[in-house]
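To keep things clear, I will list the structure first and then write my remarks on it.
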Amino acid sequence: MPLLWYLRDVLGLTGTKFGCGMALCGACTVHKNGQAVRSCVHTDERDSDSEIRTIEDVGANGSIQSESVDGGERSQCGYCQSGQIMQAISLLKSAPHPADQEIDDAMAGNICRCGTTNEFRQAIKLAAEKTA
């Protein structure tokens with residue numbers, strides 16, 4: 001069973017979204033052992049020692065989530081938002097003050113159909129400034 005469906009259907013954690021089912025859009029991004037992964041192509045690993053974190057784990061205390069919702073990103077539908085946030089958190093862990101190109105490279109696999117890519121970049125920059 002793909003990890004995405006285990007999270008959504010068995011655990012009831014519906015913040016992680018199904019987008020393409022082929023790890024191309026990023027809507028299903030979660031953290032596995034601290035790394036951003038696409039849950040639609042990873043199998044459920046209940047018996048392993050892997051640590052899986054979802055958008056529900058981030059909560060309202062996540063700075064990128066706060067900036068995304070309150071300070072920068074103005075998505076129309078919000079469908080990609082949880083995947084974008086999980087990818088951005090992973091980026092900020094590895095590069096606390098990323099340059100534009102680093103942000104673009106890290107976020108390239110996350111598609112926003114509403115076209116709010118620039119707003120996500122701004123939200124990442126605001127979150128990085130607040131953690132400085």
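Just so you know, all these numbers are worked out from the coordinates, no wet-lab data involved. Just so it is clear, the model here is predicted, and its values are computed rather than measured. Quick reminder, even Gly has a Cβ in these numbers, built from the backbone with ideal geometry, and neighbours come from all protein chains shown.
Below is a table of values for the structure above.
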{"read-out": "Length gained when the stretch H97-R46 is fully extended (0.36 nm per residue, less Cα-Cα span)", "value": "14.9 nm"}
{"read-out": "Given 16 as the ceiling on other Cβ atoms within 10 Å, longest exposed-site-free region of the chain for trypsin sites (Lys or Arg not before Pro) in DSSP loops", "value": "1-45"}
{"read-out": "MRE, 222 nm, helices only [DSSP H, n ≥ 4, -39500 (n - 2.57), over the chain, to nearest 500]", "value": "-9500 deg cm²/dmol"}
{"read-out": "Which labelled figure in [x] 14.6; [y] 15.1; [z] 16.5 is Kirkwood radius over Cα pairs in Å, once derived from the coordinates", "value": "[x]"}
{"read-out": "Long-range HN-HN contacts of L11 with modeled amide H, under 5 Å", "value": "none"}
{"read-out": "Whether region 78-132 is rounded, prolate or oblate, judged on the alpha carbon gyration tensor where a/c under 1.5 counts as rounded", "value": "prolate"}
{"read-out": "Residues of type lysines that K32 reaches as a straight line, Cα spacing below 21 Å, ignoring anything fewer than 8 places off in the same chain", "value": "K17, K93"}
{"read-out": "Computed magnitude of the charge dipole of region 3-130 (debye, nearest 20; Cβ of K, R +1, Cβ of D, E -1)", "value": "240"}
{"read-out": "Estimated FRET transfer efficiency (D9, A108; beta-carbon r; R0 30 Å; 0.05)", "value": "0.55"}
